[in-house]
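Undergrad: Before I ask anything, here is the structure I am working with.
Values quoted throughout were computed directly from the atomic coordinates according to the rules given, and no laboratory measurement underlies them. Note that the structure is predicted; figures quoted are calculated from it, not measured. Glycine gets a Cβ as well: all are built from the backbone with ideal geometry, and neighbour counts include every protein chain shown.
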Amino acid sequence: MKICIVGTGYVGLVVGACLAETGNEVVGADVDVGKIEKLKRNELPIFEPGLDRLVERNQAAGRLCFTQDVGSAVANADVVFIAVGTPPDEDGSADLRHVLAVAETIGRNMTRELVVVTKSTVPVGTAARVAETVGRYARQPFHIVSNPEFLKEGAAVDDFMKPDRVVLGAETDHARSCMAELYAPFVRTGKPIIFMDIASAELTKYAANAMLATRISFMNDIANLCERVGANVDMVRRGIGSDERIGSAFLFPGPGYGGSCFPKDVRALSQTARSHACELRILEAVQAVNDDQKRRLVGKLKIALGSDLRGAHVAIWGLAFKPNTDDMRESPSLVLIEELLASGASVVAHDPVAMAEAEHRLGDRVTFAPSSYDALEGADALVVVTDWNEYRHPDFARIKESLRRPVIIDGRNLYALDRMQRMGFTYHSIGRGAVN
Ligand SMILES: NC(=O)c1ccc[n+]([C@@H]2O[C@H](COP(=O)([O-])OP(=O)(O)OC[C@H]3O[C@@H](n4cnc5c(N)ncnc54)[C@H](O)[C@@H]3O)[C@@H](O)[C@H]2O)c1
């Protein structure tokens, strides 16, 4: 099939490369000229495991190419995916400017019967606006599909290649059969393609992210209670996670959820509800808990070092909002760093892949260390923010030797309490008793 993907960000690039891998002819189109030029040279604008090889292989095979000419890419396609950003508007609702601009480009440039697929996360009712916009200019029939994307950054290629399910909101036979054919190679193990009406598909994406964010905030709330009553949240997590009705995923407490999706999607869903005179009270609480949680690491640092952080020198391990990505959008590390700098502390940070992105955001207000151990030299404390694998089993003797004071604030509960105790660290984690 001839496919055009408009938007070559995290989602568009992964979707395009994976669809090319299964034999389709894919054109990735983007208005960001610099990004397109780099992609043509197989230089990826993002870090995503396995994606570089996929892009290189499929470009070499002639199945994948990139262009800034969105119109001509649309003109040659049977299926167009809209995968542009939907950033939050001032009131938290999704800003649909990019999506609707692409819809207009599609209407103006399509040359044949077309399936128009919205991959971007968009609020209920957007498909109707996309249809209306395309229809204003189109001279050929077209079919609207809502196909929300559930990939996780850091495991995006695997998630797209082996999805738990594919959700498709489609209302014509042509759209349904076209999408079923496109996705057939990815669901060979029997994972379901769930066809539904378009509004339900649009809402499913937000409901999924809202549920996951709710689990995280719920566990962070429980973790805070654990600290008060002398319980250990890791035990509580295992105790409840083994109940099949609950399940063990997404029960890890931490420094608050971040990233490009959960914060904005939870806000957008709340806003959708409000605009329909319906209040999602649980989601309001989920966001408030998360905002507080992002500030808890500084609170713990103040307990360990004293409430006046002026002059303190703090080492941070992990800047990305989660491991295996360089994405720092709404990362808890940013809240921590801003609070530390505002308190008069200085910050030295390490991250295996996100330091270029962090430097772009923070400039020279933070020092970046070439290795995790370099970051520790002369620091008053280490704060672990992202659970990268390389931080899981460090050389604790070396950490102790390098730090000016043996203080670790662990936002991810990576280290065993008894070990921290034995080694004489002052150790604060999330939902577990403080040590020393
Ligand atoms: N990142 C994720 O993990 C993820 C997962 C599922 C769904 N989503 C959703 O997918 C959508 C895209 O997210 P992303 O993270 O890939 O965004 P992104 O910001 O990484 O990429 C968006 C791309 O769209 C391009 N673009 C903007 N306007 C354009 C236009 N008019 N024509 C052509 N290109 C244009 C931008 O230049 C950019 O390259 C969002 O709605 C997001 O919520 C993201």
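Undergrad: Write down the percent of antiparallel bridges among all DSSP beta bridges whose residues are both part of the range 34-156, to the nearest 5. Don't skip to the end; give the middle numbers.
TA: Details: 1 of 10 bridges.
The antiparallel proportion sits near 10 percent.
Undergrad: At a Förster radius of 45 Å, what calculated FRET efficiency corresponds to the Cβ-Cβ distance of residue 197 and residue 416, to the nearest 0.05?
TA: Details: r = 50 Å, r/R0 = 1.11.
After rounding to 0.05, the efficiency reads 0.35.
Undergrad: Around residue 250, with a cut-off of 13 angstrom between Cβ atoms, what is the net charge of the other residues, counting Lys and Arg +1 and Asp and Glu -1?
TA: On the way: positive: 152, 215, 237, 322; negative: none.
With Lys, Arg at +1 and Asp, Glu at -1, the net is +4.
Undergrad: Okay, next question. Give the long-range amide H neighbours of residue 193: residues separated by 5 or more places, or on another chain, with amide H under 5 Å away, using H modelled in the peptide plane at 1.01 Å from N.
TA: Under 5 Å from the amide H of residue 193: 166.
Undergrad: Related question: Using r as the Cβ-Cβ distance of residue 108 and residue 338, and R0 as 30 Å, what FRET efficiency do you calculate, to the nearest 0.05? Before the final figure, lay out the partial values.
TA: On the way: r = 43 Å, r/R0 = 1.44.
Working from the Cβ atoms, E equals 0.10.
Undergrad: Gain in length, residue 377 to residue 279, computed as 0.36 nm per residue apart minus the alpha-carbon separation, to one decimal in nm?
TA: Details: separation 98, 0.36 × 98 = 35.28 nm, distance 4.98 nm.
30.3 nm is the gain from fully extending residue 377 to residue 279.
Undergrad: How far, in nm, would the chain grow between residue 140 and residue 308 when pulled straight, counting 0.36 nm per residue and subtracting the alpha carbon separation? Numbers along the way, then the final one.
TA: Working: separation 168, 0.36 × 168 = 60.48 nm, distance 6.72 nm.
Full extension of this stretch gives 53.8 nm more.
Undergrad: While we're looking at this one, here's another question. Say R0 is 41 Å: what FRET efficiency, to the nearest 0.05, do residue 292 and residue 132 get from their beta-carbon distance? Each step should come with its number before you reach the end.
TA: Numbers: r = 41 Å, r/R0 = 1.00.
E between residue 292 and residue 132, to the nearest 0.05, is 0.50.
Undergrad: In addition: Please compute the length gained on full extension between residue 184 and residue 37, using 0.36 nm multiplied by the number of residues separating them and subtracting their Cα-Cα distance. Provide the component values of the computation, followed by the final result.
TA: Numbers: separation 147, 0.36 × 147 = 52.92 nm, distance 3.18 nm.
That pair, residue 184 and residue 37, stretches by 49.7 nm at full extension.
Undergrad: Using a 10 Å cut-off around each Cβ, can you sort 415, 257, 206 from fewest to most neighbouring Cβ atoms? Working shown, then result.
TA: Details: 415 21, 257 28, 206 24.
By the 10 Å Cβ count, ascending: 415, 206, 257.
Undergrad: Can you tally the net charge around residue 411? Count Lys and Arg as +1, Asp and Glu as -1, for every other residue whose Cβ sits under 9 Å from the Cβ of residue 411. Before the final figure, lay out each step's value.
TA: Values: positive: 296, 300, 412; negative: 387, 410.
Once all neighbours under 9 Å are counted, the net charge is +1.
Undergrad: If you don't mind, another one. Test of understanding: in a Gaussian network model of the chain with alpha carbons linked when under 10 Å, which of 217, 275, 372 would top the mean-square fluctuation ranking?
TA: 275
Undergrad: Among 357, 377, which comes first, then next, by fewest other beta-carbon atoms within 10 Å? If you can, show how the numbers build up before the last one.
TA: Working: 357 20, 377 14.
Least crowded to most crowded, the residues run 377, 357.
Undergrad: Give the order of 388, 317 when sorted by the count of other beta carbons within 10 angstrom, beginning with the fewest.
TA: On the way: 388 23, 317 29.
Listed from fewest to most nearby Cβ atoms, that is 388, 317.
Undergrad: Sticking with this one: Antiparallel versus total DSSP beta bridges in the chain: what percent is that, nearest 5?
TA: 10 percent
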